[in-house]
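*Asks:* I am attaching a structure below and will ask some questions about it afterwards.
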Amino acid sequence: DTAVSQTPKYLVTQMGNDKSIKCEQNLGHDTMYWYKQDSKKFLKIMFSYNNKELIINETVPNRFSPKSPDKAHLNLHINSLELGDSAVYFCASSQAGQGAGYTFGSGTRLTVV
Amino acid sequence: AQTVTQSQPEMSVQEAETVTLSCTYDTSESDYYLFWYKQPPSRQMILVIRQEAYKQQNATENRFSVNFQKAAKSFSLKISDSQLGDAAMYFCASGGVTGNQFYFGTGTSLTVIP
C-alpha cells in the first residue's frame, strides 16, 4: 500500500502544453503539499492545503493551479509550460501538530522541451 | 519564519567509518520538531530521524543519531559504520508543533567510499 501516490513519475512535454500531476494519500492526514525541487536539489514549497482549504500559496506563477477535491487528494495543474518549469515535483502529506514529519510521494520528474 | 542552514554541500566518508552532517536552524517557535531526510538516487524522500525540541535526550535510530544542542540551535546527524547504501542527499528540516509547514535546508550530498 503506497501511502502517498503521485502520478505520473515521469512527464516529458513540449513548451506551451498544459499538464496535470495527481497526488493521493491514504494516511488520513489533514494537510497536503506541493514542493518543487530544482536542479540544485533545493526544495521550495509551492502550495499547502489543510482539509481542502488553501493555507500556503507561495510566489508561484499563476500558470500553476492546485486543486483539492477532498483532503486525500491534491492535484497540480500547469498551464503553458515553460522550459524553467523542468524540475522534480513532490507531493507530501502530514497531520498538523503531530510532528511526525512529512510523508512524501515518489516525485514527478517534469521535463519541458 | 524559520530558516535551516546546512553549511556542507558535500561530504565523503570511508565505508565503515563515522561521519557527521551539520545543521543549524533559527525559529521563533517555542515548541518544534527537527528532522533529517535522506534522498538516495531513486529520489524518494525518506525520513531518517526526528527530534522533539522539548526532549533533551538525543534521538537514535540504529546507526543514525543526532546531537541536538538547543541553545546553539544546532542539530547534527551522525552516521556510524557507514554503508554504501547511505550515499544520498541529506536534508535537515524544522517545523513548529502548531504549524503546517516544515522548512528545509539546502542539503548535503554524502558520498561513501568503498
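Only the coordinates and a few stated rules stand behind these numbers; no lab work does. Nothing here was measured: the structure is a model prediction, and the numbers come from that model. Glycine gets a Cβ as well: all are built from the backbone with ideal geometry, and neighbour counts include every protein chain shown.
*Asks:* Compute the distance in nm between two label points, each set 7 Å from the Cα along the Cα-to-Cβ direction, one at B:E10 and one at B:D81.
*Replies:* Spacing of the two 7 Å Cα→Cβ label points: 2.9 nm.
*Asks:* Of A:I56, A:L43, A:Q14, whose Cα points farthest to the positive end of the dipole of the protein assembly as shown (charges on the beta-carbon: +1 Lys, Arg; -1 Asp, Glu; origin at the Cα centre)?
*Replies:* A:Q14
*Asks:* Work out, in µm²/s and without decimals, the Stokes-Einstein translational diffusion coefficient of region B:44-104 at 4 °C, 1.567 mPa s, Rh from Kirkwood over C-alpha pairs.
*Replies:* In µm²/s, the coefficient is 100.
*Asks:* Can you give me the relative contact order of chain A as a percent, contacts being Cα pairs under 8 Å and 6 or more apart?
*Replies:* After rounding, I find 37 percent.
*Asks:* Nothing charged except the Cβ atoms of Lys and Arg (+1) and of Asp and Glu (-1): what's the magnitude of the dipole of the protein assembly as shown about its Cα centre? Round to the nearest 20 debye.
*Replies:* So the dipole magnitude of the protein assembly as shown works out to roughly 260 debye.
*Asks:* Still on this structure: Round to a whole angstrom and tell me the spacing of the C-alpha centers of region B:19-41 and region A:74-109.
*Replies:* 20
*Asks:* Using a Gaussian network for chain B with springs between C-alpha atoms less than 10 Å apart, which of these wobbles most: B:V48, B:V97, B:V13?
*Replies:* Comparing B:V48, B:V97, B:V13 in the GNM, the peak value goes to B:V97.
*Asks:* Would you calculate the volume per residue, in Å³, of the smallest convex hull containing every Cα atom of the protein assembly as shown?
*Replies:* Measuring per residue, one finds 123 Å³ for the Cα hull of the protein assembly as shown.
*Asks:* Also, quick follow-up: With θ taken as phi - 60° and the coefficients 6.51, -1.76 and 1.60, list the Karplus ³J(HN,Hα) couplings across region B:23-36 in order, rounded to whole Hz; mark glycine and proline as x.
*Replies:* 7, 10, 9, 9, 8, 9, 6, 7, 9, 7, 10, 10, 9, 10
*Asks:* Applying 1/(1 + (r/R0)^6) with R0 = 35 Å to the Cβ-Cβ distance of B:Q57 and A:S80, what FRET efficiency is obtained, to the nearest 0.05?
*Replies:* E between B:Q57 and A:S80, to the nearest 0.05, is 0.10.
*Asks:* Going toward the positive end of the dipole of chain B, with +1 on Lys and Arg Cβ and -1 on Asp and Glu Cβ, which of B:S42, B:L84, B:S30 do you reach last?
*Replies:* In chain B, that residue is B:S30.
*Asks:* Can you give the charge dipole size of chain B about its Cα centre, rounded to the nearest 20 debye, using +1 on the beta carbon of Lys and Arg and -1 on the beta carbon of Asp and Glu?
*Replies:* Magnitude of the dipole: close to 140 debye.
*Asks:* Could you list log10 I(q)/I(0) for region B:3-113 at q = 0.10, 0.24 Å⁻¹, which the Debye formula gives when each Cα is one point scatterer?
*Replies:* Each listed q corresponds, in turn, to -0.26, -1.42.
*Asks:* Return the long-range amide H neighbours of B:Y32 (sequence gap of 5 or more, or a different chain), with a cut-off of under 5 Å between placed amide H atoms.
*Replies:* The answer is B:A53, B:Y54, B:V97.
*Asks:* Same structure, new question: Amide H of B:V66: which non-local residues (sequence gap of 5 or more, or other chain) have their own amide H closer than 5 Å, using H built in the peptide plane?
*Replies:* When sequence neighbours closer than 5 places are left aside, the close amide H contacts are B:A59, B:K78.
*Asks:* Output the pairs from A:K9/A:K36; A:K44/B:K55; A:K71/B:K55; A:K40/A:K67; A:K22/A:K44 with a Cα-Cα distance over 23 Å in this structure; if there are none, say none.
*Replies:* Long pairs (Cα-Cα over 23 Å): A:K44/B:K55; A:K71/B:K55; A:K40/A:K67.
*Asks:* Sticking with this one: Given chain A, report the % of alpha carbon pairs whose separation exceeds 21 Å.
*Replies:* Cα-Cα pairs in chain A separated by more than 21 Å: 30 percent.
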